[in-house]
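One structure below.
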Amino acid sequence: MRTNELGRTGLSVTRLGYGAAPIGFLDTGPNQIERLINALLDRGVNLIDTAAAYKGSEAAIGEAVAARRSEYTLISKCGMGDDDLPGDAWSPERLSATIDRSLQRLKTDYLDVCLLHSCDLETLQKGDAIGALVAAREAGKIRFAGYSGDNSPAVWAAARPDITVIETSVNLCDQANLKTVLPVCKAHNTGVIAKRPIANAAWKSPASQPGFYKQYASEYHRRFGLMGLTPTDLGYSGHPEVEWPEIALKFTLAHAGVHSAICGTTSTANAEANVAAIEKNPLREEVVQRVMEAFDTAEAADDQGPWIGRT
């Protein structure tokens, strides 16, 4: 599988990564998780993204693939889902304790990247949270520090010398960060990981989406309807349930500033389909432009205001 260098980290990551939120929030048995993640590693996927806030996700990954630790770049996030730990929210004490617990759960000595999990701009600018990641890096617990989020906090974080990776929303229904965050990342050679690259299946009814997906699926579905695109508009044969996931993933990866896109699923079949999609030819430039124009037109006509990134 083709890889990209993750900004100035020097890490070589596959264009498709695995987003492990679903195995934390959805009903997934340990055998299913083990089969899924091992299947992805066997297909060459070498990036796994999780977070302290994703319930049992970290522990499940540790149980499933700790023995294959040398085969993947491991990313986790801190600052959310850690209310039972000492210290105030976003304090160095709390963040340090979260990282230590993540290492235990993931059965590893280090994280390749640790991301601050969507704290606001004021918290970032205070400096203590970034300082906690720097301290963890100097202690050898993490290799690189980063930020997961959108809009102005991500723009600010992307320009910090100690922030080497940004994880931000990029998909056909969420394009604001393409115009604001990615140019700053390019200017500072900051690695970019795209979250929600298939827009939480915006072409489906939100009512059909499981659990935690609904909060994102509802707004994406609304935007998608206003954009008014069909696969046939983009040169496909017109089987939306099959074609939209491929179109969406390839749209996200069509942007040169995106180094990897993390897809979350509990289905090995869906994971295999994602791998197959990115092994095909990329979207034609005219298709990418058509999607971007549809987004801009629909946003301009929407009386609910600008379509900012969905944190």
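The values are calculated or read from the model by the stated rules, or taken from the named source; none is laboratory data. The structure displayed is predicted, hence computed values, not measured ones. Cβ: placed from backbone, ideal geometry, glycine included. Neighbour counts: every protein chain shown.
Whether a residue is surrounded by fewer than 16 Cβ atoms within 10 Å (Cβ to Cβ), more than 15 Å from the chain's Cα centre (by Cα) and over 27 Å from residue 306 (Cβ atoms) was assessed, and residue 266 does not pass this test.
With respect to residue 265, is the statement that it is in a loop (DSSP other than H, G, I, E, B) and over 20 Å from residue 178 (Cα atoms) true? Let's see the steps before the verdict.
Numbers: in a loop (DSSP other than H, G, I, E, B): yes; over 20 Å from residue 178 (Cα atoms): yes.
Yes: the conditions hold for residue 265.
Checked against the criterion of being of a type in the set (Gly, Ala, Ser) and either surrounded by fewer than 21 Cβ atoms within 10 Å (Cβ to Cβ) or more than 14 Å from residue 117 (Cβ to Cβ) (or both), the candidates 29, 24 yield just one match: 29. For first residues located in the stretch 266-295 and farther than 21 Å from residue 4 by Cα and touching a residue at least 40 places away in the same chain (Cβ under 8 Å), partners that are among the β-branched types (Val, Ile, Thr) and assigned to a loop (DSSP other than H, G, I, E, B) and lie 6+ apart or on another chain with Cβ distances below 8 Å form the pairs 266/28. Answer yes or no: is there a residue in the stretch 213-224 that is charged (D, E, K, R), within 24 Å of residue 182 (Cβ to Cβ), part of a helix (DSSP H, G or I) and in contact (Cβ under 8 Å) with a residue 12 or more places away in the chain. Yes, the stretch 213-224 contains at least one residue that is charged (D, E, K, R), within 24 Å of residue 182 (Cβ to Cβ), part of a helix (DSSP H, G or I) and in contact (Cβ under 8 Å) with a residue 12 or more places away in the chain. Scanning the stretch 115-136 for residues that are in a helix (DSSP H, G or I), of a type in the set (D, E, K, R) and more than 16 Å from residue 93 (Cβ to Cβ) yields a single hit, 122.
Mind telling me which of the residues 21, 53, 67 ends up being more than 27 Å from residue 187 (Cα to Cα) and in contact with a helix residue (DSSP H, G or I) (Cβ under 7 Å, 6 or more places away or on another chain)? I'd like the intermediate steps shown before the answer.
Numbers: 53 fails: in contact with a helix residue (DSSP H, G or I) (Cβ under 7 Å, 6 or more places away or on another chain); 67 fails: in contact with a helix residue (DSSP H, G or I) (Cβ under 7 Å, 6 or more places away or on another chain).
Step by step, each of 21, 53, 67 is checked, and only 21 is more than 27 Å from residue 187 (Cα to Cα) and in contact with a helix residue (DSSP H, G or I) (Cβ under 7 Å, 6 or more places away or on another chain).
Cβ-Cβ distance below 9 Å, separation of 6 or more or different chains: which pairs start in the stretch 28-52 with a residue that is free of Cβ contacts under 8 Å to residues at least 60 places away in the same chain and under 11 Å from residue 18 (Cα atoms) and end on one that is in a strand (DSSP E or B) and among the hydrophobic types (A, V, I, L, M, F, W, C)? Matching pairs, first to second residue: 37/48; 41/48; 46/13; 48/74; 48/75; 48/262; 50/74; 50/75. Selection of the stretch 146-163 for residues being assigned to a loop (DSSP other than H, G, I, E, B) and either at pLDDT below 95 or over 11 Å from residue 193 (Cα atoms) (or both) yields 150, 159, 160, 161, 162, 163. Residue count for the stretch 269-311 satisfying the condition of being touching a strand residue (DSSP E or B) at 6+ places or on another chain (Cβ under 7 Å) and not in a loop (DSSP other than H, G, I, E, B): 3. Selection over the stretch 11-27 of residues that are of a type in the set (Gly, Ala, Ser) and out of contact with any Asp or Glu (no Cβ under 7 Å at 6 or more places or on another chain) gives a count of 2.
Among the residues making up the stretch 105-151, those that are among the aromatic types (Phe, Trp, Tyr) and surrounded by 23 or more Cβ atoms within 10 Å (Cβ to Cβ) are 144, 147.
If you go through the stretch 230-274 and pick out every residue that is under 30 Å from residue 188 (Cβ atoms), in contact with a Leu (Cβ under 7 Å, 6 or more places away or on another chain) and of a type in the set (S, T, N, Q), you end up with 2.
On the stretch given as the stretch 212-231, residues that are farther than 22 Å from residue 301 by Cβ and either over 18 Å from the mean Cα position of the chain (by Cα) or modelled with pLDDT of 95 or more (or both) total 1. Residue 201 - would you say it is surrounded by fewer than 23 Cβ atoms within 10 Å (Cβ to Cβ), in contact with a Gly (Cβ under 7 Å, 6 or more places away or on another chain), over 17 Å from residue 80 (Cβ atoms) and among the hydrophobic types (A, V, I, L, M, F, W, C)? Here the answer is no, as residue 201 does not meet what is asked.
Among the criteria (1) loosely packed, with under 15 Cβ neighbours inside 10 Å; (2) at pLDDT below 95, the one residue 80 does not fulfil is (1). Within the stretch 77-114, being among the small types (Gly, Ala, Ser) and outside any helix (DSSP H, G or I) holds for 79, 81, 87, 89, 91.
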